[in-house]
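These notes concern the structure reproduced below.
The values are calculated or read from the model by the stated rules, or taken from the named source; none is laboratory data. Just so we're clear, the structure is a prediction, and the values are computed from it rather than from any experiment. Neighbour counts run over all protein chains shown; Cβ positions are idealised from the backbone, glycine included. We work out accessible area using only protein heavy atoms, side chains counted, and drop any ligands, DNA or RNA first. Shrake-Rupley method; radii C 1.70, N 1.55, O 1.52, S 1.80 Å.
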Amino acid sequence: MALAVREVREGVAVVKLNRPEKRNAINLEMARRILSELSRGCEENMGVVLTGEGDVFSAGLDLAEVYSFKSLEESSTYFKTINNISRAAMECPKPVVAFVNGHAIGYGMELLYFVDYVVAVRRATFSVPGIRYGLMTATPVVAPALLGLRVRNFLDWEFKLTSEEAASWGLVQKLVDNAEEGLSASIAVVKKLADIPNFASIKRYMKSGVKDLEKLWLNFEEFMAEAALGKETKSRIELFLKRR
C-alpha cells in the first residue's frame, strides 16, 4: 500500500497521507513518499492539497520508528526528510493548501506553519504533545515568529486547540462541516490562489521571514536528531509505546 497517494482533481494534485491504521503517523518511508508526491504536484499541477486518509490528518512523527534509531545517521536522515516536506511546501511556487480532515497532532500541526492556506473540519483539534518527549521539528524556531507569545502554551503537553481556536490564532483560514465539503473547498482555494498574478513571487516574499530562520532551523534539526537518541527521550517514548 502506498503511504501517500496523489490524485489529480480539476488540475489540482490531492496528496493524501495514507496510513490510517497508524493515524497517519509519518515514518521515513512515508515521509519520502509525501515529499515525492508533493514535489510532483508542484511541478506538474496547478497546486497541491495535502490531506489525510481516515479521520485523522496526522498523528505526527512515528515514535515507534524514532525509538528504533540506533545511530545519528538514522536519526538525522529521518528529521531532515521530515523537515524537507515543510521546506517543499514553503518553497513550492504554486499554492499548497492543507485540508485538515481530522486531528492534527505534533508534526501534523507543525506542517501547517509552512502551507499557504488551511481548511479544517470543525471537529479537528490541534496540539504539539511532542514536548513531553522533547521532540519537535520546527516549532521552537518558527512558531514564535508566526504566533508570538502564544507559543508558551506549547510547553504544556496537554494544551490543545479546537478548530475555532485554531482559526482565531490564524492557523486555520476556513472551517467546514465534513470531508467532502472540505476537499471541494480546498481545491477551490488552490484554483483561486493560482489565479493571483505573480503568485510565486508574492509567496516567496511572504515566506521570507521563515527563510531568514533557516540557519537556526538547521541547527535545531541537528539538535533534534541527537536528542532523539538520548536516554531520557527514549525512556519517555518507551512508556508511551507500552501504554498503547
For a quick check of your reading: which strands (runs of 3 or more DSSP E) sit entirely within segment 1-78 and have at least 3 residues that are touching a His at 6+ places or on another chain (Cβ under 9 Å) and in contact (Cβ under 8 Å) with a residue 40 or more places away in the chain? 56-58
Report, by residue number, each residue of segment 79-112 that is among the aromatic types (Phe, Trp, Tyr) and either surrounded by fewer than 22 Cβ atoms within 10 Å (Cβ to Cβ) or outside any helix (DSSP H, G or I) (or both). 99
Give the residue that is nearest to the chain's Cα centre (by Cα), with candidates limited to residues of segment 209-223 that are free of Cβ contacts under 8 Å to residues at least 12 places away in the same chain and open to solvent by 50 Å² or more (accessible area, probe 1.4 Å). 218
Given the criteria farther than 24 Å from residue 74 by Cβ and open to solvent by 30 Å² or more (accessible area, probe 1.4 Å), does residue 198 qualify? yes
Within segment 201-214, can one find any residue that is over 22 Å from residue 44 (Cβ atoms), among the acidic types (Asp, Glu) and assigned to a helix (DSSP H, G or I)? yes
Identify, please: which residue in segment 17-45 is surrounded by fewer than 23 Cβ atoms within 10 Å (Cβ to Cβ) and of a type in the set (Lys, Arg) and is, among those, nearest to residue 83 (Cα to Cα)? 32
Looking only at residues in segment 135-159 that are touching a Ser or Thr at 6+ places or on another chain (Cβ under 8 Å) and surrounded by 17 or more Cβ atoms within 10 Å (Cβ to Cβ), which one is farthest from residue 63 (Cα to Cα)? 154
For residue 80, are the conditions met, namely being at negative phi and either out of contact with any strand residue (DSSP E or B) (no Cβ under 9 Å at 6 or more places or on another chain) or at pLDDT below 95 (or both)? yes
Within segment 164-182, the residues that are in a helix (DSSP H, G or I) and crowded, with 20+ Cβ neighbours inside 10 Å are 166, 182
Determine whether residue 226 is closer than 17 Å to residue 79 by Cα and either open to solvent by less than 80 Å² (accessible area, probe 1.4 Å) or among the charged types (D, E, K, R) (or both). yes
When you look at residue 193, is it open to solvent by 50 Å² or more (accessible area, probe 1.4 Å), at pLDDT 95 or above and under 21 Å from the mean Cα position of the chain (by Cα), yes or no? no
